[in-house]
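Colleague: Here it is, the structure in full.
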Amino acid sequence: MATSADRSSPMSWRRSKADRSIDTGFVWLTAAFAIGVGVLLLTIAGQVGTDALPAIQKFGLSFLVTSRWSVQDDIFGALTQIYGTLVTSFLALLLAVPIGIGVALFLSEDFLPPRVKQPIVFLVELLAAIPSVVYGLWGIFVLIPVLRPFGIWLNANFGWIPIFSTPPAGPGIYAAGIILAIMILPIIAAISRDALVAVPAELRQASYGLGATRWETIFKVLLPAAFSGIVGGIMLALGRAMGETMAVTMVIGNVDTIRSFSILSQGSTVASLLANQFAEASGLQVASLLYAALILFFLTLVVNVLAELIVRRFSMKL
Amino acid sequence: MTSPEFVSAGRDLKRKPSSPRTLFSSVMTIAAFVCAALALIPLAAVTFYVLINGASRLSPSVFTQLPPAPGLPGGGFGNAFVGTLLTVGIAALMAIPFGIVAAIYLSEFGRDTKLAEAVNFLTNVLSGVPSIVIGAFAYSVVVLSTGTFSAVAGGFALAVLMLPTIVRTAAEALEAVPNEFRQAATGLGSTRIQTTLQIVLPAAIPAITTGIMLALARAAGETAPVLFTASFNRFWATSLWEPIATMSRLVFDFATSPFPAQQELAWAGSLVLVLLVLITSVLSRMVIKRR
């Protein structure tokens, strides 16, 4: 009988050679795709770097420290934009870090019953998902008019401080910083909250048991224990702020040279420079824009890798 | 010592409300509430303004008509809506299969290997690359080599942007499938390919779909990568190889336009984008809750 013949061979339960090689092939295929994701990152760096080469050769490192951006004369320096990127990101962190950590504490400790807390957690997460271009539109029509009197007041009363030395023109560096703060706040809040929630309950109980108040516990036990996670979240937010394009482009004013150090004046960032000029650029201008993109890529890469390493170390500890 | 002595010695276990420590706590608690309020005000303000300004202009006809010429009233964003569907669709075709297959390696075969760890790391770094830089990359890879802005170039840029999200959510979804499934399948004589494609993957499909929906909604709102890849087109695009309008680019262009009719369309377009994000977020919440 056929069946008994099949069973007669003791080796028949083994897979055929073809079966096994298909199986191994499948594993290798998936591995190839996984490697492909990593290769993509390297390709982006390589491609942008190669296309930026003419500008890198022509301007070298002086590109980083000169602020003349002249399409007619084919002379390009990105200091204005690098300065704008750093200042707007710093402003955003200044505003978003304390508030973000405050929100994280608010949503991780038992200030509110869970039934009220859960929807707020969801709403804060939603804040992170609203498209950048929508924030920009809102910034143009709502935020800038609201900020204007405040900027005028700052300039009138504190104009002797260099950072408030110009009357606000409407759009400007400070508006971009505030928009960025709103956009990165959910990132800081969400990651800090995760870090705080992950602190073992015993630490909290022990602190209360020793007679500490809620806020003594928070400052002396919870925040130090969650420190690396919170710092990782802040770094990720910083990376996001430096690369954020649309909302910033729509409210920063987009001037090509630094006229003053005032945060009330108009400016531009590396990302907004690309957004404004790339589509109509040609020749050396394209290479210069890609050089600027490479710098932005490098800046965010450093920040993101640091963030990734910090967050990773913190999650290992748990 | 008896307890009355304790109390009389001022060593009551309760702190007085006026003690500096209690006061500090109360002040900080108020500060935390203020922080939460400050964080929610922008959300409320953005959604409020988008709703008020967008809803008045939103009607079925805006999805079928072309944008008005500068200065003229009326019109719609039919071409941009179709353009967004097309570019996001192209992005999905590229990123979803790629991402899922990569995720299969990370969760099924490569777990705890050095290679998977490296890929995870690079994926996270990739998700932090500014979207404008990805736009520049897509420009030099697709636009320069084909010689034209196009839906395909825009789709390629969005695909690169979506890929890390899809890899991560798919890997998480696959890892959440109980190991008993794999053991049972293997015990019944399945090969690894059968176990993965017929048992593990189908079990993870709902969660993977949720992640993909969120990634697609995000991609639809992304502007920076399509600025100089898909570019813009005032009219209906007739081919995938020519400049095409997208909702996000339309909002950007019309927001800065001096013409009221175009500004109205920018608000209406924003409302559509926000609703897209809101609906997918709520739906994914419901899927996660049901599990």
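Colleague: Is there any pair linking a residue in the stretch A:125-148 that is in contact (Cβ under 8 Å) with a residue 12 or more places away in the chain and more than 7 Å from chain B (Cβ to nearest Cβ) to one that is open to solvent by 20 Å² or more (accessible area, probe 1.4 Å) and of a type outside the set (A, V, I, L, M, F, W, C), with Cβ under 8 Å and at least six apart or on different chains, and which?
Modeller: If the second residue must be open to solvent by 20 Å² or more (accessible area, probe 1.4 Å) and of a type outside the set (A, V, I, L, M, F, W, C), the pairs left are A:Ile144/A:Pro171.
Colleague: Which of the residues spanning the stretch A:213-222 are within 12 Å of chain B (Cβ to nearest Cβ), surrounded by 17 or more Cβ atoms within 10 Å (Cβ to Cβ) and part of a helix (DSSP H, G or I)?
Modeller: Correct list: A:Arg214, A:Trp215, A:Glu216, A:Thr217, A:Ile218.
Colleague: Does any residue of the stretch B:152-172 turn out to be part of a loop (DSSP other than H, G, I, E, B) and among the aliphatic types (A, V, I, L, M)?
Modeller: Of all residues in the stretch B:152-172, those part of a loop (DSSP other than H, G, I, E, B) come to none.
No, that holds for no residue.
Colleague: Open to solvent by less than 30 Å² (accessible area, probe 1.4 Å), free of Cβ contacts under 8 Å to residues at least 40 places away in the same chain and facing another protein chain (nearest Cβ under 7 Å): which single residue out of B:Leu163, B:Leu126 fits that description?
Modeller: Of the residues listed, the single one that is open to solvent by less than 30 Å² (accessible area, probe 1.4 Å), free of Cβ contacts under 8 Å to residues at least 40 places away in the same chain and facing another protein chain (nearest Cβ under 7 Å) is B:Leu126.
Colleague: If you don't mind, there's one more thing I want to ask. Taking into account only those residues within the stretch B:173-196 that are among the β-branched types (Val, Ile, Thr) and in a helix (DSSP H, G or I), which is farthest from B:Arg218 (Cα to Cα)?
Modeller: Only one residue fits best here, namely B:Thr186.
Colleague: Please tell me if B:Ser26 is open to solvent by 50 Å² or more (accessible area, probe 1.4 Å), of a type in the set (S, T, N, Q) and more than 8 Å from chain A (Cβ to nearest Cβ).
Modeller: yes
Colleague: So the check is Cβ under 9 Å with 6+ separation or different chains; which pairs have a first residue in the stretch B:62-77 that's among the hydrophobic types (A, V, I, L, M, F, W, C) and a second one that's surrounded by fewer than 13 Cβ atoms within 10 Å (Cβ to Cβ)?
Modeller: If the second residue must be surrounded by fewer than 13 Cβ atoms within 10 Å (Cβ to Cβ), the pairs left are B:Leu66/B:Phe235; B:Leu66/B:Trp236.
Conditions (1) under 30 Å from B:Phe149 (Cα atoms); (2) open to solvent by less than 20 Å² (accessible area, probe 1.4 Å); (3) not in a helix (DSSP H, G or I), marked per residue:
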residue: A:Glu202; (1), (2), (3): no, no, no
residue: A:Gly211; (1), (2), (3): no, no, yes
residue: A:Ser228; (1), (2), (3): no, yes, no
residue: A:Val255; (1), (2), (3): yes, yes, yes
residue: A:Ser265; (1), (2), (3): no, yes, yes
residue: A:Leu273; (1), (2), (3): yes, yes, no
residue: A:Ser282; (1), (2), (3): yes, no, yes
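Colleague: Kindly check whether there is at least one residue in the stretch B:48-59 that is away from every other protein chain (no Cβ under 12 Å) and at pLDDT 90 or above.
Modeller: Within the stretch B:48-59, one or more residues are away from every other protein chain (no Cβ under 12 Å) and at pLDDT 90 or above.
Colleague: Turning to a different aspect of this structure: Of everything in the stretch A:95-133 that's aliphatic (A, V, I, L, M) and not in a helix (DSSP H, G or I), which residue is nearest to B:Ser25 (Cα to Cα)?
Modeller: Taking the candidates together, the pick is A:Leu112.
Colleague: Just wondering, is there one or more residues in the stretch B:147-158 that are surrounded by fewer than 19 Cβ atoms within 10 Å (Cβ to Cβ) and either under 30 Å from B:Leu240 (Cβ atoms) or touching a residue at least 60 places away in the same chain (Cβ under 8 Å) (or both)?
Modeller: Checked against the condition, which is being surrounded by fewer than 19 Cβ atoms within 10 Å (Cβ to Cβ) and either under 30 Å from B:Leu240 (Cβ atoms) or touching a residue at least 60 places away in the same chain (Cβ under 8 Å) (or both), the stretch B:147-158 yields at least one hit.
Colleague: Oh, and also: Please work out which one of (1) more than 9 Å from chain A (Cβ to nearest Cβ); (2) over 10 Å from B:Val167 (Cα atoms); (3) in a helix (DSSP H, G or I) is the condition B:Gly76 fails and give its number.
Modeller: (3)
Colleague: Being within 9 Å of chain B (Cβ to nearest Cβ), touching a residue at least 40 places away in the same chain (Cβ under 8 Å) and in contact with a helix residue (DSSP H, G or I) (Cβ under 8 Å, 6 or more places away or on another chain) narrows it down to one residue among A:Thr300, A:Thr269; which is it?
Modeller: Every option except A:Thr300 fails the conditions.
Colleague: Which ones in the stretch B:132-146 are within 7 Å of chain A (Cβ to nearest Cβ), surrounded by fewer than 24 Cβ atoms within 10 Å (Cβ to Cβ) and touching a residue at least 24 places away in the same chain (Cβ under 8 Å)?
Modeller: Residues satisfying the conditions do not exist here.
Colleague: Do you know which residues across the stretch A:94-111 are closer than 18 Å to A:Glu125 by Cβ and of a type outside the set (S, T, N, Q)?
Modeller: Of everything in the stretch A:94-111, those that are closer than 18 Å to A:Glu125 by Cβ and of a type outside the set (S, T, N, Q) turn out to be A:Ala96, A:Ile99, A:Gly100, A:Ile101, A:Gly102, A:Val103, A:Ala104, A:Leu105, A:Phe106, A:Leu107.
Colleague: Now for a different question. Of the conditions (1) open to solvent by 40 Å² or more (accessible area, probe 1.4 Å); (2) without any contact (Cβ under 8 Å) to a residue 12 or more places away in the chain; (3) farther than 14 Å from A:Gly102 by Cα, A:Leu236 fails just one. Which one is it?
Modeller: (2)
Colleague: What are the residues in the stretch B:223-234 that are more than 7 Å from every other protein chain (Cβ to nearest Cβ), modelled with pLDDT of 90 or more and either open to solvent by 10 Å² or more (accessible area, probe 1.4 Å) or assigned to a helix (DSSP H, G or I) (or both), if any?
Modeller: Within the stretch B:223-234, B:Pro225, B:Val226 meet the criteria.
Colleague: If we scan the stretch A:38-48, do we find a residue that is surrounded by 21 or more Cβ atoms within 10 Å (Cβ to Cβ), hydrophobic (A, V, I, L, M, F, W, C) and more than 9 Å from chain B (Cβ to nearest Cβ)?
Modeller: no
The values are calculated or read from the model by the stated rules, or taken from the named source; none is laboratory data. A quick note: this is a predicted structure, and the numbers were derived from the prediction, not measured. No Cβ is skipped: glycine too gets one built from the backbone with ideal geometry, and neighbour counts run over all protein chains shown. Only protein heavy atoms, including side chains, enter the accessible area calculation; ligands, DNA and RNA are left aside. Shrake-Rupley method; radii C 1.70, N 1.55, O 1.52, S 1.80 Å.
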